[in-house]
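Read the structure below first, then the notes.
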Ligand code: UDX
């Protein structure tokens, strides 16, 4: 199948590369010249496991190319995926500026019948709007059909998720579009859900909102466990073994961040407002998450009279491991509060340092290893469960910290592992262990 993908960002690039690996002829169109030049050389502008290998392999075998030119990129393409960003506007709703730009550019240059597929996360009704708008702007007498094919990719495992996801959702009110999209996606060999446009759009929002709610729920139970003497790790295990609940996304911590959950929960709330429907559960998911981000600072303030002048080692700043993404990372609020309390911060993150420096306060000193961050600090705080942070030996905290006190926002150690190690250990939803 001849396919064009508009937008070589995180979703577009992974989608384009994986579709080319299935044997399709794919051209990715992006207006960023520098990015396109890099991609043509086989270099990926983002780090995703396995992506560079597939990128180079498919460029070499002639299945994949890149361009900044719509006319050239759309030539002979039967299917055109739109995979541009839909960031959050100030009122929480989705910003459709890039969708509108892509729609106008396709309409201007497309000179043959095609199927337009939306990968981007968009509010219910947007696909119909894209079709109407594109039809009104077309410069040739051609027919376009439309389908929604939302992505469910996690950063850091996006290539794996593309080939191993739980399902593929295809929404269309057009028979031919549904048939062609099904044919393309059969290559992934995953269960396919066929539905209408608006339900496909809703599935994406509802899935992310549900997962975010699951996290906020377990965080609430964690806080209550702490106050009532239960251990959230045991509670989550016991709950998760019930297949109706499932064990995934039951890890209590300092709240969710990233480019999807915060944005999509707010967008869904805003969609509700537009149709005069309030969603108290989702509202509280967002509220609980904001509160959860500050919980580790509250714990520290409870433990010490004051944080003024305390040297604190911050371990991990990315919103989750295996990504350099700092968007909505809990570390943003936590480091801000700690600095306001007068603490001195020395931070370590294996890959997010460059991005973190553009977002976090200049007052934070960055180091290149856990050791360096911990040496000479008074206490340490884990904010991201990177492998090297998870496996940093407890005895080293004892050796290097002036007071062997560890605040673990990601429950990296079990309570039993910490007992008797000479480290005072505060975590989320579990009893505190004294040194
Ligand atoms: C998410 C969805 O998983 C994906 O399907 C969607 O397309 C995009 O958003 P991503 O943001 O990459 O993916 O990360 P994910 O692994 O889902 O984690 C999101 C956040 O939730 C992270 O901050 C993570 O630390 C937190 N989280 C996750 C928890 O606090 N507890 C959990 O049990 C799971």
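Across the stretch 270-386, Cα-Cα distances exceeding 24 Å account for 31% of all pairs.
Just so you know, the Cα atoms of the chain work out to an Rg and Dmax of 23.8, 77 Å.
Based solely on its DSSP helices, what 222 nm [θ] is calculated for the chain when runs of n ≥ 4 H residues each add -39,500 (n - 2.57) and the sum is averaged over all residues, nearest 500 deg cm²/dmol? Walk me through the numbers before you get to the answer.
Numbers: 19 runs with 195 residues, N = 435.
-13500 deg cm²/dmol, from helical runs alone.
With a simple spin-label model that places each label point 7 Å from the Cα along the Cα-to-Cβ direction, the separation between residue 388 and residue 354 comes to 1.6 nm. Kirkwood analysis of the Cα pair distances in the stretch 1-140 returns a hydrodynamic radius of 15.2 Å. By how many degrees, between 0 and 90 and to the nearest 10, does the Cα long axis of helix 197-228 differ from the longest principal axis of the chain? Approximately 0 degrees, to the nearest 10. Against the chain, whose longest principal axis is taken from its Cα atoms, helix 280-293 shows a tilt of about 50°. Taking a point 7 Å from the Cα of residue 196 along the Cα-to-Cβ direction, the residues of the stretch 167-184 with backbone N closer than 11 Å to it are 172-173. For the stretch 363-415, the normalised intensity computed at q = 0.15, 0.25 Å⁻¹ comes to -0.38, -1.09 (log10 of I(q)/I(0), Debye sum over alpha carbons, equal scatterers, no solvent). For the pair residue 287 and residue 43 in one chain, pulling the backbone fully straight at 0.36 nm per residue adds 83.8 nm over the alpha carbon distance.
Could you give the length gained on full extension between residue 76 and residue 336, defined as 0.36 nm per residue of separation minus the Cα-Cα distance, in nm? Don't skip to the end; give the middle numbers.
Numbers: separation 260, 0.36 × 260 = 93.60 nm, distance 5.20 nm.
This chain segment gains 88.4 nm when fully extended.
Using a Förster radius of 35 Å, what is the FRET efficiency between residue 304 and residue 241 based on their Cβ-Cβ separation? Nearest 0.05, please. Mind dumping the intermediate values first?
Details: r = 38 Å, r/R0 = 1.09.
That gives a FRET efficiency of 0.35.
Averaging 1/r over each pair of different alpha-carbon atoms in the stretch 22-78 and inverting the result gives 11.8 Å, the Kirkwood hydrodynamic radius.
Relative to the longest principal axis of the Cα atoms of the chain, the long axis of helix 261-274 makes an angle of roughly 60 degrees.
Stretched out straight at 0.36 nm per residue, the stretch from residue 183 to residue 104 would grow longer than its current Cα-Cα span by 25.7 nm.
All of the numbers you see were taken from the coordinates with simple rules; none came from a lab. What you see is a predicted model, and the numbers here were worked out from it, not measured in a lab. Positions of Cβ are generated from backbone atoms using ideal geometry, with glycine treated the same way; all protein chains shown enter the neighbour counts.
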